[in-house]
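Note sheet for the following structure.
The values are calculated or read from the model by the stated rules, or taken from the named source; none is laboratory data. Quantities reported herein were computed from a predicted structural model and do not represent experimental measurements. Ideal geometry is used to build each Cβ from the backbone, glycine not excepted, and the neighbour counts take in all protein chains shown. Protein only, heavy atoms only, side chains kept; ligands, DNA and RNA dropped before computing areas. Shrake-Rupley method; radii C 1.70, N 1.55, O 1.52, S 1.80 Å.
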Amino acid sequence: MNNSGLIIILVILLWLFLANVRIVPQAQAYVIDTLGKYTVTWQAGLHFKIPFVQRISQKVSLKEICCDFKPQPVITKDNVTMMIDSVVFCKVFDPKLYAYGVVQPLMALENLSATTLRSIIGDMELDETLTSREIINQKLLVILDKLTDPWGIKVTTVEIKNIQPPQEIEEV
């Protein structure tokens, strides 16, 4: 083999090596598949991916996420419809579960939050909902945190930002 052939092979090997070295940044995790099957989660640091065999299936942020959901119409026990605006703070505690637990985890969290909020408010009367914001926040936090565990999500804080009763009640 001549020198130019050797140089070409060395360049290809160097490119292959450099193309498969990955640095996972702080507060992130990479979920790795080997031949299409989950094998490992890389934490922050330097890693080498096996070319053509392994792939990074998902890059997951481990930072706390603020999910500001649009106002939801809810009906109280005394049949009054009002709009409630909420915000949920959460973080990923298990990147594997987050990647494989549910499709679009943050959208699933939004839907779960809306249905849980409707359930909690449905057991309360209008006056109680207007004066029990802390109780609603706490109930919502406990329920959401428990139900999102299989998705690798830890709900840390839930806040009701705004409770807007119907206009006819506001005017009175």
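Data for the structure
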quantity	calculated
Sulfur and carbon atoms: percent of accessible area, segment 130-172 [1.4 Å]	53
Debye-sum result for segment 1-122 in log10 I(q)/I(0), which assumes one identical scatterer on each alpha carbon, at q = 0.09, 0.11, 0.16 Å⁻¹	-0.45, -0.58, -0.86
Mean residue ellipticity (222 nm) of the chain, computed from DSSP H runs ≥ 4 via -39,500 (n - 2.57), nearest 500	-12000 deg cm²/dmol
Backbone N within segment 45-74 under 20 Å of label point (7 Å from N111 Cα along the Cβ vector)	67-74
With every protein chain in place, segment 1-50: carbon and sulfur % of accessible area (1.4 Å)	71
Surface accessible to a 1.4 Å probe, per residue, for the residues of segment 1-81, Å²	69
Listed residue pairs exceeding 24 Å between alpha carbons, taken from K96/K139; K63/K96; K70/K146; K59/K161	K96/K139; K59/K161
Y98 - accessible surface, heavy atoms, 1.4 Å probe, Å² rounded to 10	30
Protection proxy ranking of 14-22, 105-113 - average other beta-carbon atoms within 10 Å, highest first	105-113, 14-22
